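S.K.: Structure in structure tokens, see below.
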Amino acid sequence: MRTPGTRPIVSDIGILSGEADQSLDTARQVSSESDGRQMVYLETYGCQMNVSDSEIVASVLRGSGFGLTRDPDSADVVLINTCAIRENAEQKVRRRLETFRSRKQKRAPDLKLGVLGCMAERLREKLLDEEKLVDLVVGPDAYRDLPNLLDASLESGQSAVNVQLSKEETYADISPVRYDSNGVSAFVSIMRGCDNMCSFCVVPFTRGRERSRPTASILDECAKLVDAGYREVTVLGQNVNSYRDGVNGQSVSFAELLHRISLLSPDLRIRYSTSHPKDCSDELLHVHRERDNVCNFIHLPVQHGNTAMLERMRRTYSREEYLALVERARRIVPGLALSTDIIAGFCGETEEEHRDTLSLMEAVRYDHAFNFIYSERPGTYASKKYEDDVPEEVKKRRLSEIIELQSAHSLESNQRDVGRVLRVLVEGPSRKSDEQLCGRTDSNKMVVFDDAGFVKGQYVDVRVERCTSATLLGTAVSSGANKLEASSPATTVGAPQ
Ligand code: SAH
Ligand code: SF4
Ligand code: F3S
């Protein structure tokens, strides 16, 4: 076992992110040379949890003396943090692996190629033995072991695997290296794994059992982010609102955790992803209502609009229960924005059942939605018990109907904001023009407006003048007080008024 720091630590993190914060990343000397260190290039696919995991991987590697580089051509080690959620996500990764393998064969025989994350967990030794694609396979709970595995592989030339899942690992004590961050918003993982076993989903198999990170370590990380100038955190988990930490006989719920984070600073906005409707409690909704810096936005995946389909999907709620939840959420939290995930063409879906999804969308009128074609995943309940029997063209047509309807609803939602003054957290220059800035509203809408000398991380009040279905366009009317609003020192959570 190698102890951390036996290699010289000269961080090249300045190359990776000009805005990396100093308190989280104390060894921040910029070096363009590898100083004899093995240099690692890390590429990430999949969800926000994977992005957050890559920040942990970067921290573990750097703590063991590896260097990080943005240039795959100069790397000694290439690691791909992968996603297995749908077939096409895996195909994308395979194509990337092929590219690196061919580079290794033609030009860089010593290059080590590693697969991390959900595909590593799903395919395990198959990636090494049958497909001979890679040298290293490391699952999401084994990142602490990565330096040892890499050392072993670099020294012996052998391949190395650790896909052990854990019931405890939360990486609570590891300070993530925020190498792709804009310096304004950061991800903070608060729980890992999922116990829900939705019949279509591979995540419980790739991420293991649910476990929550200790509250104190989460608050500590968020406080450091505030000190480092961050203005927004998105707390993450596969089923984030089932978070529960039990210490000394006292239990901290997700609602209580959000409340405590919200007290750290009135300037810090809080979001979360991804929540499950079964855990969207009234206590949580009251935190949204009472704490100005807990955003008025919930991503609340429904997956389908028909109760029989929801049962087959094992989602644990009916259409009626979901609609009642939406009604309750909007009553408790006025102006609440909602987004969702929807799957088209799941096993046995009839035309009528598909129309129920469309009618549920009409009933809810989401501000935004992520829509997917069902993709059978080996090992899941659905793959064993149901037939993937909706023809591909029918799946595609149903998906396009869902997308079309959502575009109309997104446009409608944005049009309602035209004429309003909304507070925007500046993230940086807009993608299209350096003379314009962009940032998000509390409800997670992207706003583009002329740069009048504002800086990243500042709150700016913007009058919305026009919109598309994806973006609001407007003009700044003030610089904002750099406060969300005077925050009251509330001590109880969720007490109905
Ligand atoms: N934990 C989150 C979602 C994780 S996966 C939740 O429960 O909401 C993100 C989304 O991918 C899911 O919400 C679902 O809509 C979609 N998804 C998951 N498995 C899928 C599959 N086999 N085929 C198509 N879409 C899938
Ligand atoms: Fe997958 Fe369901 Fe868990 Fe979400 S809640 S990760 S869809 S099993
Ligand atoms: Fe993909 Fe794994 Fe996230 S399967 S969606 S990277 S949890």
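The values are calculated or read from the model by the stated rules, or taken from the named source; none is laboratory data. Remember, predicted model here, so these are calculated numbers, not experimental data. Positions of Cβ are generated from backbone atoms using ideal geometry, with glycine treated the same way; all protein chains shown enter the neighbour counts. Protein only, heavy atoms only, side chains kept; ligands, DNA and RNA dropped before computing areas. Shrake-Rupley method; radii C 1.70, N 1.55, O 1.52, S 1.80 Å.
S.K.: Would you check which residues across region 80-96 are surrounded by 20 or more Cβ atoms within 10 Å (Cβ to Cβ) and more than 16 Å from the chain's Cα centre (by Cα) and list them?
M.R.: Matches in region 80-96: 80, 90, 93.
S.K.: Taking residue 362, is it open to solvent by less than 60 Å² (accessible area, probe 1.4 Å), more than 15 Å from ligand 2 (Cβ to nearest atom) and either in contact (Cβ under 8 Å) with a residue 12 or more places away in the chain or under 16 Å from residue 311 (Cα atoms) (or both)?
M.R.: The answer is no for residue 362.
S.K.: Give the number of residues within region 168-195 that are without any contact (Cβ under 8 Å) to a residue 60 or more places away in the chain, surrounded by fewer than 19 Cβ atoms within 10 Å (Cβ to Cβ), more than 16 Å from ligand 1 (Cβ to nearest atom) and not hydrophobic (A, V, I, L, M, F, W, C).
M.R.: Residues in region 168-195 being without any contact (Cβ under 8 Å) to a residue 60 or more places away in the chain, surrounded by fewer than 19 Cβ atoms within 10 Å (Cβ to Cβ), more than 16 Å from ligand 1 (Cβ to nearest atom) and not hydrophobic (A, V, I, L, M, F, W, C): 3 in total.
S.K.: OK, next. Select from region 434-466 the residues that are of a type in the set (Lys, Arg) and either loosely packed, with under 15 Cβ neighbours inside 10 Å or out of contact with any Gly (no Cβ under 9 Å at 6 or more places or on another chain) (or both) and write down the one among them that is nearest to residue 184 (Cα to Cα).
M.R.: Per the stated criteria, the residue is 440.
S.K.: Output the number of the condition that residue 228 fails; it satisfies all remaining conditions of (1) among the hydrophobic types (A, V, I, L, M, F, W, C); (2) open to solvent by 10 Å² or more (accessible area, probe 1.4 Å); (3) within 14 Å of ligand 1 (Cβ to nearest atom).
M.R.: Evaluating residue 228 over (1) among the hydrophobic types (A, V, I, L, M, F, W, C); (2) open to solvent by 10 Å² or more (accessible area, probe 1.4 Å); (3) within 14 Å of ligand 1 (Cβ to nearest atom) leaves (3) as the failure.
S.K.: Another one. Can you confirm whether region 21-34 contains a residue that is more than 16 Å from ligand 3 (Cβ to nearest atom), at pLDDT 50 or above and at positive phi?
M.R.: Looking through region 21-34, none of the residues is more than 16 Å from ligand 3 (Cβ to nearest atom), at pLDDT 50 or above and at positive phi.
S.K.: Based on what the data block shows, is residue 135 away from ligand 2 (no atom under 16 Å from the Cβ) and either farther than 21 Å from residue 158 by Cα or at pLDDT 95 or above (or both)?
M.R.: No; evaluated as a whole, the condition is false for this residue.
S.K.: Please work out which residue is nearest to residue 320 (Cα to Cα), limiting yourself to region 342-378 and to residues that are assigned to a loop (DSSP other than H, G, I, E, B) and among the charged types (D, E, K, R).
M.R.: Out of the qualifying residues, it is 365.
S.K.: For residue 338, state whether it is within 11 Å of ligand 1 (Cβ to nearest atom) and within 26 Å of residue 271 (Cα to Cα).
M.R.: So residue 338 fails the test.
S.K.: Being in contact with a Ser or Thr (Cβ under 7 Å, 6 or more places away or on another chain), in the same structural domain as residue 346 (by TED's automatic domain parsing), more than 16 Å from ligand 3 (Cβ to nearest atom) and more than 29 Å from residue 362 (Cα to Cα) narrows it down to one residue among 279, 267, 245, 220; which is it?
M.R.: 245
S.K.: Separate question: Scan region 276-321 residue by residue and report those that are touching a Phe, Trp or Tyr at 6+ places or on another chain (Cβ under 9 Å), in a strand (DSSP E or B) and of a type outside the set (A, V, I, L, M).
M.R.: 299, 303
S.K.: Looking at residue 198, is it within 16 Å of ligand 1 (Cβ to nearest atom) and in the same structural domain as residue 380 (by TED's automatic domain parsing)?
M.R.: When the stated conditions are applied, residue 198 passes them.
S.K.: Give region 425-440 a look and list any residue that's over 20 Å from residue 232 (Cβ atoms) and of a type in the set (D, E, K, R), or say none.
M.R.: 432, 434, 435
S.K.: Here's something else I'd like to know. Out of (1) within 27 Å of residue 301 (Cβ to Cβ); (2) more than 16 Å from ligand 1 (Cβ to nearest atom); (3) assigned by TED's automatic domain parsing to the domain that holds residue 122, what's the single condition that is false for residue 140?
M.R.: (2)
S.K.: Is region 143-152 home to any residue that is assigned by TED's automatic domain parsing to the domain that holds residue 62 and under 16 Å from residue 93 (Cβ atoms)?
M.R.: Scanning region 143-152 turns up no residue that is assigned by TED's automatic domain parsing to the domain that holds residue 62 and under 16 Å from residue 93 (Cβ atoms).
S.K.: Then there's this: Inside region 223-241, can you point out the residues that are touching a Gly at 6+ places or on another chain (Cβ under 8 Å) and within 16 Å of ligand 3 (Cβ to nearest atom)?
M.R.: 238
S.K.: What number of residues within region 177-229 satisfy the criterion of being within 14 Å of ligand 2 (Cβ to nearest atom), assigned to a strand (DSSP E or B) and hydrophobic (A, V, I, L, M, F, W, C)?
M.R.: Number of matching residues: 1.
S.K.: Restricted to region 253-270, and to residues that are open to solvent by less than 10 Å² (accessible area, probe 1.4 Å) and of a type in the set (A, V, I, L, M, F, W, C), which residue is farthest from residue 280 (Cα to Cα)?
M.R.: 268
S.K.: Now, a different point. Please specify each residue of region 379-393 satisfying the condition of being touching a residue at least 40 places away in the same chain (Cβ under 8 Å), open to solvent by 30 Å² or more (accessible area, probe 1.4 Å) and part of a loop (DSSP other than H, G, I, E, B).
M.R.: Passing the criteria: 379, 386, 387, 388, 389.
Let's see how each residue does on (1) touching a residue at least 60 places away in the same chain (Cβ under 8 Å); (2) more than 16 Å from ligand 3 (Cβ to nearest atom); (3) charged (D, E, K, R):
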position: 291; (1), (2), (3): yes, yes, yes
position: 309; (1), (2), (3): no, yes, no
position: 315; (1), (2), (3): yes, yes, yes
position: 320; (1), (2), (3): no, yes, yes
position: 323; (1), (2), (3): no, yes, no
position: 329; (1), (2), (3): no, yes, no
position: 333; (1), (2), (3): no, yes, no
position: 342; (1), (2), (3): yes, no, no
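Yes/no per residue for (1) aromatic (Phe, Trp, Tyr); (2) closer than 24 Å to residue 176 by Cβ:
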{"residue": "66", "(1), (2)": "yes, yes"}
{"residue": "76", "(1), (2)": "no, yes"}
{"residue": "80", "(1), (2)": "no, yes"}
{"residue": "90", "(1), (2)": "no, no"}
